[in-house]
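The values are calculated or read from the model by the stated rules, or taken from the named source; none is laboratory data. Predicted model, so just to flag it, every value in this text is computed and none were measured. In this analysis, Cβ positions are derived from the backbone assuming ideal geometry, glycine residues included, and neighbour counts consider all displayed protein chains.
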Amino acid sequence: MLLKYEGQPITHQLLISLLKSYNRPNDKIKALKNDGVLESLKRGVYIPGRTTNILRPEPGLVANHLYGPSYVSMDSALAYYSLIPERVYGLTSMTTKPSKEFKTAIGLYTYTHLPLPYYAFGLRIVKLNKDQQAIIASPEKALVDKVVTTSGILLRSMSSARDYVIENLRMEESELKSFDTQMMSTWLANAPKRESLEILIKMIEKL
């Protein structure tokens, strides 16, 4: 039954349609959960359970479906691109909805609100494996989102920008040199913390 949908989050609505031959499909869903065939992430969203051999969705794909619209960003995206050395616990995303956090059986998913149109800049559809893809911030957008949404981060000089990005986040100069600062500059008119971002862009251009 679930094999056709392997690698994808499964909604309650889909399960009801698959179990329409049952008189009480909700009871069957409960039984599947108890047997470990289904695992609930939040009300109405499931993934194949650990007792099955069915491919489970990648964390980035789960993040897109758990709360949307949303895209993976900040530390999670920077780690995906191997731009920061630290292992990231939990998965961080941006959303146009109110900020929210989900503690699930497969990890912590955190969502931070961003306004439109800034939210929609610098996004990519990334192939996670053969049959799964997710919306993830570009490296440039992931870094800018980190500055924009981190409380207390105000970049007032080139040296403070350098210290934050290279010393604090431990990003490599060689990687930063490949950033598209022209593209980043097009976001400024609609971005929060515009002055900090202007300094960040200038710092990167001087590397």
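Would you mention how many residues in segment 10-31 are surrounded by fewer than 19 Cβ atoms within 10 Å (Cβ to Cβ) and closer than 27 Å to residue 101 by Cα?
The number of residues fulfilling the criteria is 7.
Sort out for me the helices (runs of 4 or more DSSP H) sitting completely within segment 1-105 that have 2 or more residues that are over 28 Å from residue 138 (Cα atoms), outside the structural domain of residue 192 (by TED's automatic domain parsing) and not polar (S, T, N, Q).
Output list reads 12-18, 25-34.
Just one of (1) within 30 Å of residue 115 (Cα to Cα); (2) touching an Asp or Glu at 6+ places or on another chain (Cβ under 7 Å) trips up residue 49, so point out which.
(1)
For segment 150-162, enumerate the residues that are within 18 Å of residue 118 (Cβ to Cβ) and surrounded by 12 or more Cβ atoms within 10 Å (Cβ to Cβ).
150, 153, 154, 155
For segment 32-57, enumerate the residues that are acidic (Asp, Glu) and buried (at least 16 other Cβ atoms within 10 Å of the Cβ).
Within segment 32-57, just 39 meets the criteria.
Residue 140 - would you say it is acidic (Asp, Glu), out of contact with any Pro (no Cβ under 9 Å at 6 or more places or on another chain), without any contact (Cβ under 8 Å) to a residue 40 or more places away in the chain and surrounded by 14 or more Cβ atoms within 10 Å (Cβ to Cβ)?
Against the criterion (acidic (Asp, Glu), out of contact with any Pro (no Cβ under 9 Å at 6 or more places or on another chain), without any contact (Cβ under 8 Å) to a residue 40 or more places away in the chain and surrounded by 14 or more Cβ atoms within 10 Å (Cβ to Cβ)), residue 140 does not qualify.
Would you confirm whether any residue within segment 174-193 is touching a Phe, Trp or Tyr at 6+ places or on another chain (Cβ under 8 Å) and small (Gly, Ala, Ser)?
yes
Out of 81, 71, 89, report the one residue that is surrounded by 20 or more Cβ atoms within 10 Å (Cβ to Cβ), within 30 Å of residue 176 (Cα to Cα) and among the aromatic types (Phe, Trp, Tyr).
71
Considering only segment 173-182, state which residues are surrounded by 15 or more Cβ atoms within 10 Å (Cβ to Cβ) and either touching an Asp or Glu at 6+ places or on another chain (Cβ under 9 Å) or of a type in the set (Gly, Ala, Ser) (or both).
179, 181
To keep it simple, each residue is scored yes or no on (1) surrounded by 15 or more Cβ atoms within 10 Å (Cβ to Cβ); (2) in the same structural domain as residue 87 (by TED's automatic domain parsing); (3) assigned to a helix (DSSP H, G or I); (4) among the aliphatic types (A, V, I, L, M).
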| residue | (1), (2), (3), (4) |
| --- | --- |
| 164 | yes, yes, yes, no |
| 167 | no, yes, yes, no |
| 171 | yes, yes, no, yes |
| 184 | yes, yes, yes, yes |
| 197 | yes, yes, yes, yes |
| 200 | yes, yes, yes, yes |
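Name the pairs whose Cβ atoms lie under 6 Å apart, with the first residue in segment 97-118 and buried (at least 17 other Cβ atoms within 10 Å of the Cβ) and modelled with pLDDT of 95 or more, the second hydroxyl-bearing (Ser, Thr, Tyr) and not in a loop (DSSP other than H, G, I, E, B), and 6 or more positions between them or separate chains?
102/109; 110/92; 111/70; 111/93; 111/95; 112/149
Please work out which residue is surrounded by the fewest Cβ atoms within 10 Å (Cβ to Cβ), limiting yourself to segment 58-68 and to residues that are under 17 Å from residue 11 (Cβ atoms) and not polar (S, T, N, Q).
Of the residues in segment 58-68, the ones under 17 Å from residue 11 (Cβ atoms) are 61-68.
Adding the requirement that they be not polar (S, T, N, Q) leaves 61-63, 65-68.
On the way: 61: 23, 62: 23, 63: 30, 65: 17, 66: 20, 67: 20, 68: 14.
So the residue we want is 68.
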